[in-house]
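The values are calculated or read from the model by the stated rules, or taken from the named source; none is laboratory data. Keep in mind that this is a model prediction, so the values were computed, not measured. Cβ coordinates were reconstructed from backbone atoms using ideal geometry, including for glycine residues, and neighbour counts include every protein chain displayed. Keep in mind that these areas ignore ligands, DNA and RNA; they rest on the heavy atoms of the full protein, side chains included. Shrake-Rupley method; radii C 1.70, N 1.55, O 1.52, S 1.80 Å.
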Amino acid sequence: MRWPQIFILLVSLNLGTVMAADIAIVVHGGAGTINREALTPELEAEYRSKLEASVSAGYSILKAGGASIDAVTAAITVLEDSPLFNAGVGSVLNNDGRVEMDASIMEGKSLNAGAVAGLQHVRNPILLAQAVLDKSPHVMLMGEGAEAFAREQGFDMVGNHEFRTKRRQEQLRRAQAAADSVSLSEEGADTFRGADASGADHEKSPLGTVGAVAIDASGTIVAGTSTGGMTNKRFGRIGDSPIIGAGTYAKNGVCGISATGHGEFFIRAAVAHDICARVSYQDTSLDAAADEVVNKVLREMGADGGVIGIDADANVVMQFNSSGMYRAAVDRHGKLSTAIFAD
Ligand code: ASP
């Protein structure tokens, strides 16, 4: 190669780096009432290290020039594979003592989305949501139909009993005892998230839904969410996590959101879409829009929880109105952080 050619090559490589958009990724492992005293330093370290592993798995894909959809699924599968979080192998139990999982993913360039609900035998629901997005003409599949699709796609199916950990069985027992001791007519809809399932556990209302939002160098924003739902939920109940616009939403040029909290409220407030719509229509920052929805709209409804998000400039947002939210991010400057409580 001659010197002029080398010069042109170097200039174009440099332009390539200048023109590539900032990358960033943020993950959550659920929001709710976390009992500070019962969260030992060892357990806190375990949570932080898993959150860091998750966000790093996603970030290394983005850094290598990979797509945000792969970063989001890589980050979420790390959390689904950990019994610490309420998703995949750590999912909470419904009132039948079984695990029923929901997940969704949305890609902000095509506005294509995939969602699955009521899964009982799929180890990594987020990967099935991605398969619905990539390989089906549909957006949402549920129950037996979703699992038949999983088998067709070559997913390994696991027995529902394999998800049933001792900790989740104990939480269910406590939640059912607490629910029995209150009059359901008095308590209305807030029977399971509000029920004290904590005992010696560090989580008052079992939480841990997981989610991730990422923006890649092409500016494509993807958001994904995966959950076991809520302890002692009625068999067949579906929360906000697989509902596009409630638990998950992404639109290039605007923002991506993954939510966690009391799903019944998050569905009614169309949380993820409402935040992105405010950014889009009101010329407001993502931070201000998320703050308004989480700390005003949801709070006024009496709903606890939070959201993570990324805007078109790769700014990261983490907002919650509960005592804590397991979370981690690598921001657009490449800075990694993990946190649990508000302070
Ligand atoms: N949003 C989830 C649901 O309602 C639960 C959670 O995030 O804690 O299913």
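Before moving on, here are some points about what is shown:
- Dividing the C-alpha radius of gyration of the chain by 2.2 N^0.38 Å, with N its residue count, gives 0.99.
- For the listed peptides 266-275, 156-165, a ranking on the average number of other beta carbons within 10 Å per residue, highest first, reads 266-275, 156-165.
- With semi-axes defined as the square roots of five times the eigenvalues of the C-alpha gyration tensor, the equivalent ellipsoid of the range 40-103 measures 25, 17, 5 Å, largest first.
- Residue-wise HN-Hα couplings along the range 132-139, as the Karplus relation 6.51 cos²θ - 1.76 cosθ + 1.60 with θ = phi - 60° gives them from phi, are 4, 4, 7, 10, 9, x, 9, 9 Hz; Gly and Pro carry x.
- Computed extension gain for residue 40 through residue 165, at 0.36 nm per residue and net of the alpha carbon distance, reaches 43.0 nm.
- Using the Cβ-Cβ distance between residue 157 and residue 136 with R0 set to 22 Å, the FRET efficiency works out to roughly 0.75.
- Annotation: peptides 278-290, 35-47, 71-83, ranked by per-residue average of other Cβ atoms within 10 Å with the highest first, follow the order 71-83, 278-290, 35-47.
- Computed with every protein chain present, the accessible area of residue 33 is close to 50 Å² [probe 1.4 Å].
- Computed from the Cβ-Cβ distance with R0 of 45 Å, the FRET efficiency linking residue 111 to residue 235 stands at 0.85.
- Backbone amide hydrogens, once placed in the peptide plane, bring residue 109 within less than 5 Å of 221, 252, excluding anything fewer than 5 places away on its chain.
- Candidate lysines - alpha carbon under 25 Å from residue 233, same-chain residues fewer than 8 apart omitted: 166, 204
- Virtual spin-label span in nm between residue 177 and residue 282, 7 Å along Cα→Cβ: 4.4 nm
- From most to least packed by mean Cβ count within 10 Å, the peptides 291-299, 252-260 give 252-260, 291-299.
- Averaged over its residues, the chain has an accessible area of 42 Å² per residue, based on protein heavy atoms and a 1.4 Å probe.
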